[in-house]
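The values are calculated or read from the model by the stated rules, or taken from the named source; none is laboratory data. Here the structure is a predicted model, which is why all the values come from computation and not from measurement. When we count neighbours, we look across all protein chains shown, and the Cβ atoms used for this are built from the backbone with ideal geometry, even at glycine.
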Amino acid sequence: MKCVEFENGVKISPVRDLNLAETLDCGQSFRWEEYDGGYRGVAFGREVTMKLDGETLFIENSDKKDFENIWRAYLDLDLDYSKVRESVSRLHPVLEEAARYAPGIRILRQEPWEALCTFIISQNNNIKRIKGIVSRLCEGFGERTGSSYCFPSAERLAPLSPDDLAPIRAGFRARYIIDAARKVSSGEVRLGDCATLPYEQARSELMKIKGVGVKVADCALLFGLHRIEAFPVDVWMKRAMERLFPDMTADDFGEYAGIAQQYIFHFSRMHPELFV
């Protein structure tokens, strides 16, 4: 994989097994929007636009240093997803079909606090509304970067009250956001340690936060701490497991369970006829 700078960014090639829509706009992250033939978004304090032309990835408003320090890991470009698909496809014929259907899905390595907070917001919510709440949270409390705003840190939100978040219209989730910010910023919840703690212990650590149950904890671990053994189960996944994998549990999906989950999640959402 080679990274070359051009006038307004970098281009990287060859980049295989990446579909920007399926990866950036599928419910992993809520800060990306279609823009000028690609996707514009903010992560780790940087606003960029990503475009894909065949196996060449263009990242505008970036340089080689940022690619190596941020975007290479963010897009999980060092993991061979063709080998992952080969591995998970052996587990079940439907999973083989799901992996073949969307081979460009990758698991983002997001900033852990942002992932935790956005999945707290995601509870009983839809993607459009989640994006609106997250956008208002960033605009109201984050620092400006480019034409957008950074995600506010736990330290920035911790001194606030739930009433201070009224303008973002998060409803009952506001008190969960503040509780999370206070516990993470104080060290009561050791968010960084959750990357290496035994899985059940990491999940329990996050569940010290009000409003964080198993599903939100699993999402934070998978999408924010790259615990790809995580297998979040929401309404879609529960339905998919009951209908398509009735004899399997999350434990049966092995070391790449989180990637398998994304294949199944996307496949199920795109094939509602399977659940009629």
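Restricting attention to region 231-240, the residues that are part of a helix (DSSP H, G or I) and at pLDDT 95 or above add up to 0. Selection of helices (runs of 4 or more DSSP H) fully inside region 1-112 by the criterion of at least 1 residues being out of contact with any Asp or Glu (no Cβ under 6 Å at 6 or more places or on another chain) and under 19 Å from Lys131 (Cα atoms) returns 20-24. Taking region 179-225 as the range and being basic (Lys, Arg) and not in a helix (DSSP H, G or I) as the test, the residues that pass are Arg190, Lys208, Lys210.
For residues that are among the aromatic types (Phe, Trp, Tyr) and in contact with a strand residue (DSSP E or B) (Cβ under 8 Å, 6 or more places away or on another chain), scanning just region 146-198, find the one that is surrounded by the most Cβ atoms within 10 Å (Cβ to Cβ). Filtering region 146-198 for residues that are among the aromatic types (Phe, Trp, Tyr) and in contact with a strand residue (DSSP E or B) (Cβ under 8 Å, 6 or more places away or on another chain), the one surrounded by the most Cβ atoms within 10 Å (Cβ to Cβ) comes out as Phe151. Being out of contact with any helix residue (DSSP H, G or I) (no Cβ under 9 Å at 6 or more places or on another chain) and over 16 Å from Leu116 (Cα atoms) is a property that Arg144 has.
Scan region 122-154 residue by residue and report those that are farther than 22 Å from Cys219 by Cα and assigned to a helix (DSSP H, G or I). Those that are farther than 22 Å from Cys219 by Cα and assigned to a helix (DSSP H, G or I): Glu139, Gly140, Phe141. The set of residues from region 19-57 being crowded, with 20+ Cβ neighbours inside 10 Å and either basic (Lys, Arg) or in contact with a Gly (Cβ under 6 Å, 6 or more places away or on another chain) (or both) comprises Arg31, Trp32, Arg40, Thr49, Met50.
Looking at the structure I just gave you, is Thr118 of a type in the set (S, T, N, Q) and in a helix (DSSP H, G or I)?
Values: of a type in the set (S, T, N, Q): yes; in a helix (DSSP H, G or I): yes.
Yes, satisfied.
Take Ser268 and decide whether it is of a type in the set (S, T, N, Q), over 17 Å from Gln110 (Cα atoms) and either modelled with pLDDT under 95 or in a loop (DSSP other than H, G, I, E, B) (or both). Can you show your working first?
Numbers: of a type in the set (S, T, N, Q): yes; over 17 Å from Gln110 (Cα atoms): yes; either modelled with pLDDT under 95 or in a loop (DSSP other than H, G, I, E, B) (or both): yes.
Yes: the conditions hold for Ser268.
Under the condition of being touching a helix residue (DSSP H, G or I) at 6+ places or on another chain (Cβ under 8 Å), free of Cβ contacts under 8 Å to residues at least 40 places away in the same chain and within 15 Å of Phe119 (Cβ to Cβ), the residues counted in region 175-204 number 3. A search for C-beta distances below 6 Å between a residue of region 49-72 that is under 21 Å from Ser147 (Cβ atoms) and any residue that is aromatic (Phe, Trp, Tyr) and loosely packed, with under 15 Cβ neighbours inside 10 Å, counting only pairs 6+ apart in sequence or on different chains, returns Thr49/Tyr35.
Scanning region 53-94 for residues being within 19 Å of Glu114 (Cβ to Cβ) and among the small types (Gly, Ala, Ser) gives a total of 2.
Tell me the residue from Phe119, Phe141 that is touching a Pro at 6+ places or on another chain (Cβ under 7 Å) and either under 30 Å from Ser186 (Cα atoms) or surrounded by 16 or more Cβ atoms within 10 Å (Cβ to Cβ) (or both), please. Break it down stepwise before answering.
Numbers: Phe119 fails: touching a Pro at 6+ places or on another chain (Cβ under 7 Å).
Result: Phe141 is the single residue among Phe119, Phe141 that is touching a Pro at 6+ places or on another chain (Cβ under 7 Å) and either under 30 Å from Ser186 (Cα atoms) or surrounded by 16 or more Cβ atoms within 10 Å (Cβ to Cβ) (or both).
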